[in-house]
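Data first, discussion second: the structure below is written as structure tokens.
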Amino acid sequence: MIASVRGTVTATGPDHAVVEVGGIGLAVQCAPGTIADLRVGQPARLATSLVVREDSLTLYGFADDDAKQLFELLQTASGVGPRLAQAVLAVHTPDAVRKAIANADTAALTRVPGIGKKGAERLVLELRDRVGPVAIGPDGAAGVTAGAWPEQVRQALVGLGWSAAQAEQAVAAVAETVDGATPPVPVLLKQAIRLLGRTR
């Protein structure tokens with residue numbers, strides 16, 4: 001696995017850059033935003049992910065390790081290959097992708113060419129509990145990460161006596177109301193209970 005490359009940028013194109021490392025020019029597939037920060041003749045460091053196919057070896061490059069890790073995570077979802085994963089990161093920052101998945105914001109995900117409503121819903125379903133922490137608030141601090149609250153509220157509702165299906169529906173409804181900073185779990189739980197029409 002080639003985890004990163006550091007060297008002189010010798011060429012750039014619309015979707016790739018060539019970085020010379022130890023006398024060898026490595027072609028690295030990059031999103032336009034990453035390429036925009038590279039300058040021919042200048043040194044650069046790219047976090048990379050090597051995708052091995054039967055007929056090809058393709059190196060994908062990213063501005064930092066965070067973007068690379070998210071690129072690899074996205075590919076664990078059904079129907080997501082490296083090109084689509086890179087397209088997601090070309091449209092959204094890693095934080096925006098995590099927030100969209102954690103908050104079930106399918107509208108944001110469908111802004112990516114190649115992702116329809118069903119594809120966005122699949123990403124949310126398969127990756128919601130795996131996207132990692134999402135910074136909340138201007139200082140990035142909060143008592144709960146946006147990626148963790150759905151499961152916590154779901155478990156609390158089941159513990160209070162509702163069925164798993166009812167809990168899932170309530171969490172989905174609450175997720176649609178979350179816009180911007182995610183409220184604390186107790187607030188979200190009360191909202192879910194109100195939506196279910198009764199308290200315990």
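The values are calculated or read from the model by the stated rules, or taken from the named source; none is laboratory data. Quick caveat, the model's predicted, so the values are computed rather than measured. Please note: Cβ atoms are built from the backbone with ideal geometry, for glycine as well, and neighbour counts cover all protein chains shown. Accessible surface is based on the protein model in full, side chains and every heavy atom, while ligands, DNA and RNA are left aside. Shrake-Rupley method; radii C 1.70, N 1.55, O 1.52, S 1.80 Å.
Put +1 on the Cβ of every Lys and Arg and -1 on every Asp and Glu Cβ in the range 1-73; which of G61, G7, A17 then has its Cα farthest towards the positive end of the dipole? Going by the Cα projections, it comes out as G7. Starting from the Cα of K117, draw a straight line to each of the aspartates and glutamates and keep only those under 13 Å, dropping any in the same chain fewer than 8 residues away. Those aspartates and glutamates meeting the cut-off are D105. On the basis of the beta-carbon distance and an R0 of 41 Å, R39 and K117 show a calculated FRET efficiency of 0.55. The heavy atoms of V40 present about 90 square angstrom of accessible area, all protein chains included, probe 1.4 Å.
Leaving out ligands and nucleic acids, and using a 1.4 Å probe, what accessible area per residue does the range 1-74 come to in Å²? Provide the component values of the computation, followed by the final result.
Values: 3970 Å² over 74 residues.
Result: 54 Å² per residue.
Partner lysines whose Cα lies under 22 Å from the Cα of K118, excluding those fewer than 8 positions away in the same chain, are identified as K99.
Using only the Cα atoms of the range 11-124, build the gyration tensor, take square roots of its eigenvalues as a ≥ b ≥ c, and label the shape rounded, prolate or oblate: rounded if a/c is under 1.5, else prolate if a/b is larger than b/c, else oblate. The shape class here is prolate. For the chain, with all protein chains in place and a probe radius of 1.4 Å, 54% of the accessible heavy-atom surface sits on carbon or sulfur. In the context of the full protein assembly, I2 retains an accessible surface of approximately 70 Å², using a probe radius of 1.4 Å and ignoring ligands and nucleic acids.
For the range 1-65, rounded, prolate or oblate, judged on the Cα gyration tensor with a ≥ b ≥ c (square roots of eigenvalues), a/c < 1.5 rounded, else prolate if a/b > b/c? It is prolate, given that a/c is not under 1.5 and a/b is the larger ratio.
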